[in-house]
1. Answer yes if at least one residue in the stretch 261-280 is acidic (Asp, Glu) and either closer than 20 Å to Gly135 by Cβ or touching a strand residue (DSSP E or B) at 6+ places or on another chain (Cβ under 7 Å) (or both), and no otherwise.
2. For the stretch 187-195, check the following and say yes or no: at least one residue is surrounded by 18 or more Cβ atoms within 10 Å (Cβ to Cβ) and at pLDDT below 95.
3. So if I check each of Arg206, Arg164, Arg211, which one is basic (Lys, Arg) and touching a Cys at 6+ places or on another chain (Cβ under 8 Å)?
4. Which of the numbered conditions does Glu186 fail, given that it passes all the others? Conditions: (1) outside any helix (DSSP H, G or I); (2) under 22 Å from Leu109 (Cα atoms); (3) without any contact (Cβ under 8 Å) to a residue 12 or more places away in the chain.
5. Among residues belonging to the stretch 239-276 that are without any contact (Cβ under 8 Å) to a residue 40 or more places away in the chain and of a type in the set (S, T, N, Q), point out the one that is nearest to Val213 (Cα to Cα).
6. Please determine whether any residue of the stretch 205-212 is in contact with a strand residue (DSSP E or B) (Cβ under 6 Å, 6 or more places away or on another chain) and within 22 Å of His171 (Cβ to Cβ).
7. Restricting to the stretch 221-250, give me the number of residues that are under 26 Å from Arg206 (Cβ atoms) and among the acidic types (Asp, Glu).
Amino acid sequence: MPVPIKSTLGILGDNLTKRQSALPLGRRKVIAWTRGLNIPRGGKTVLYTGQMWQMVPAINAMAHQLARYEHSRLTALFGFARSMNKLVNLTPLLARTTAKDRAEFDRRLRNIARLLRAAGVEFGYLYENDLYAGGLAHDEGLDRALLAHAQLVYRNLREAGVERVITVDPHTTNMLRSVYPKIVPEYHLEVQSYLEVLAEQKLARRAPVDRTVAIHDSCVYARYEGVVDQPRKLLTGAGVTIAEPEMSGKLTFCCGGPLETLFPGKSAEIATRRIGQLSAASPQVVTACPLCLANLSRVAPPKTEVRDISDYLVDAYCPAEA
């Protein structure tokens, strides 16, 4: 049997309604990346993660588990799992993560904060009030649960006095800039991706990054939010040579997400095709989305390295972290 779609989506939707996230994380996991950065609490301009980078290790773990169960008789137990999840949060069991995995994704958030500081951008952070933005719920069509959640997120931002949001990934950018205005009454919020913010600044390069990379455009950034030129400008300024793969810009090819939570086999098939296109241009692949990073990394052959754009930018523009 394939992964039971109704039960899987039911678990994600129940989590969003009951626990304010499709895959609920503990408070300490959400804010662990801020340790030692001394980011001010709140303010009119905030860095908003929407918990996406923090959530991807759990999505990775869940995809791995689902791949094991796909076409297995054990899928018959998913209905029972949903019933249990209504009473007790099963995320720690269904999506068990390691400290090493979480640290890798947290490091990218630290990169982003350091880059914004290097550019002279002032920002705060909402810490425990940095709520999940709902990207996975939107992608999976959980519209009813998302509507109430989006209103909660926006109310939380307004009560905190936030006027401008700097986002850290394409899905959170899309939710806060393009989706919420359609479903939240009287929505007023300035939203920019950190890549857009950095591209507007004059960053002083400290050391050139002499690499040739194949750039993978996120479908959400490129097609929905128009973020295509900014990552290229930043990488070129860092000293990176860009190798354009087959299918790039607004004509980019899917990384395999968000299918990994429903059709893990098909997701891996799509990701494998994309990593082949990218590695044909360069064995060094750069992404700007945590989901793309995860999906492409899972299928990358040994000689192909997949890294986030912030890894290259922080090497070029920021002093070494103490």
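1. Step one: list which residues in the stretch 261-280 are acidic (Asp, Glu), which gives 269.
Now restrict to residues that are either closer than 20 Å to Gly135 by Cβ or touching a strand residue (DSSP E or B) at 6+ places or on another chain (Cβ under 7 Å) (or both): none.
Within the stretch 261-280, none of the residues are acidic (Asp, Glu) and either closer than 20 Å to Gly135 by Cβ or touching a strand residue (DSSP E or B) at 6+ places or on another chain (Cβ under 7 Å) (or both).
2. Start the filter on the stretch 187-195 by keeping residues that are surrounded by 18 or more Cβ atoms within 10 Å (Cβ to Cβ), which leaves 191-195.
Among the residues that remain, those that are also at pLDDT below 95 are: none.
No, the stretch 187-195 has no match at all.
3. Details: Arg164 fails: touching a Cys at 6+ places or on another chain (Cβ under 8 Å); Arg211 fails: touching a Cys at 6+ places or on another chain (Cβ under 8 Å).
The conditions single out Arg206.
4. (2)
5. For the stretch 239-276, the residue satisfying everything is Thr241.
6. First, the residues of the stretch 205-212 that are in contact with a strand residue (DSSP E or B) (Cβ under 6 Å, 6 or more places away or on another chain): 211-212.
So of that shortlist, the ones also within 22 Å of His171 (Cβ to Cβ) come out as none.
No, every residue in the stretch 205-212 fails to be in contact with a strand residue (DSSP E or B) (Cβ under 6 Å, 6 or more places away or on another chain) and within 22 Å of His171 (Cβ to Cβ).
7. 1
The values are calculated or read from the model by the stated rules, or taken from the named source; none is laboratory data. Model, not experiment: these values are computed from the prediction. Here the Cβ is made from the backbone with ideal geometry for all residues, glycine too, and neighbour counts use every protein chain on show.
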